[in-house]
Amino acid sequence: MKRVRNRPFLKWAGNKFAILEHILPLLPAGERLIEPFAGSCAVSLNSDYPSYLIADINPDLILLYQTLQREGERFIDHARQLFTPENNSEHRYYLLRERFNGSSDRLEKASLFLYLNRHCYNGLCRYNKSHRFNVPFGRYKRPYFPEREMRHFYRMAQRAEFVCADFRELFAQARAGSVIYADPPYIPLNDTSHFTSYSSEGFDADQQRALAQAAEQAARRGIPVLISNHDTPFARSIYGAATLTHFQVQRHISCNGQQRNKAAELLALYGL
Ligand SMILES: C[S@@+](CC[C@H](N)C(=O)[O-])C[C@H]1O[C@@H](n2cnc3c(N)ncnc32)[C@H](O)[C@@H]1O
């Protein structure tokens, strides 16, 4: 029988919901799961650790999680009010996007971030150089308000601490009993083993190497680390100290979801 999975309440590029069956069996038991590249938290939401340390470099994402964690139903009621037919128009979308970019009210900012996630083009999260959210309107018939998914997240969040930080800070906080699952922005599929220049969301080859080194160091301290990435020559060159598992995933490669192809994924396990 297939296990029922908990869907994240956010749409998130690179989310791991569809490949949990490959990841979860490789995660060792422990007292605390650390997710330094949280995104939509698909892995934390579908695991069962006594506690969680969840981080991401995106401050809007972490603000939203902290707000839902603290406010629960009050926040759900507040956010629901933005999901109206009137707000599902191009005109209202751009007004609300503007309000989000100018807001310093935490409750308003967190609700608007959720509204944008469900109303913008493909659920993307992109900013311009001045850190203003700039994804265009998505033109969905009736954007879904993910109430049930938020309630599940709220329950997991009662055992979690959310921080906005770079992944290196999180590795430094790991202690005996911690387990780390790291899902960085991916190495491009068309790399070579000499890949140096590409940077996805500012995450370049040096950062990929720094993550692999941090994982080796953590493993030496007795902390197991599992990293997800594309299976490429460069990935294999930096994960030499890990036990590797590879598999294929079905990917949508065009914006209308008509074209699909297979992508090779790698899981690098350190420390067991
Ligand atoms: C592939 S996504 C993670 C997806 C997540 N596993 C899920 O299931 O939704 C990578 C995440 O890493 C975050 N990120 C990028 N650079 C980072 C850094 N230096 N430190 C921490 N997080 C970072 C991005 O904001 C993004 O949310």
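What follows is calculated from the coordinates using simple rules that are stated; it is not laboratory data. Please read all numbers here as calculations on a predicted model, not as lab measurements. So basically every Cβ, Gly included, is an ideal-geometry build from the backbone, and we count neighbours across all protein chains shown.
Subtract the Cα-Cα distance of A241 and H152 from 0.36 nm times their separation in residues, and report this length gain in nm to one decimal.
Fully extending the segment from A241 to H152 adds 28.4 nm.
How far apart, in nm, are two points set 7 Å out from the Cα along the Cα-to-Cβ line at S51 and at R168?
With each label placed 7 Å out from Cα toward Cβ, I get 2.6 nm.
Can you tell me how much longer the chain between A263 and R142 gets when fully stretched, taken as 0.36 nm per residue apart minus their C-alpha distance, in nm with one decimal?
Extending this stretch completely gives an extra 40.5 nm.
Please give, to one decimal in nm, the separation of the simple spin-label points placed at Q217 and S89, each 7 Å out from Cα toward the Cβ.
Computed distance between label sites Q217 and S89 equals 5.5 nm.
Note down the net charge around A38, summing +1 for each Lys or Arg and -1 for each Asp or Glu among other residues with Cβ under 9 Å from its Cβ.
Neighbourhood net charge equals -3.
Just to be sure I follow the rule: in the chain, considering lysines 8 or more places apart or on different chains, how many pairs have Cα atoms under 29 Å apart?
Lysine pairs, 8 or more places apart or on different chains, close enough: 13.
Can you tell me which of 70-78, 44-52 comes out highest on packing, and rank the rest after it, using the mean Cβ neighbours within 10 Å?
Going by the mean number of other Cβ atoms within 10 Å, highest first, we get 44-52, 70-78.
In nm, to one decimal, how far is the modelled label at R251 from the one at E73, with both set 7 Å along Cα→Cβ?
Label-label distance for R251 and E73, simple model: 4.4 nm.
Exactly which chymotrypsin sites (Phe, Trp or Tyr not before Pro) in region 8-42 are in a DSSP loop and have at most 10 other Cβ atoms within 10 Å?
Qualifying residues, ordered by number: none.
When C125, C164 are ordered from fewest to most other Cβ atoms inside 10 Å of their Cβ, what list results?
C164, C125
Quick check: net charge around A268, other residues with Cβ under 12 Å of its Cβ, Lys/Arg +1 and Asp/Glu -1? If you can, show how the numbers build up before the last one.
Numbers: positive: R236; negative: D183, E216, D231, E265.
Value of the local net charge: -3.
Work out, step by step, the length gained on full extension between A29 and Y127: first 0.36 nm times the residue separation, then minus their alpha carbon distance; give nm to one decimal.
Details: separation 98, 0.36 × 98 = 35.28 nm, distance 3.68 nm.
Result for the pair: 31.6 nm of gain on full extension.
For E98, project a label point 7 Å along Cα to C-beta. Then give me every residue of region 109-151 with its amide nitrogen under 15 Å of that point.
133-134, 137
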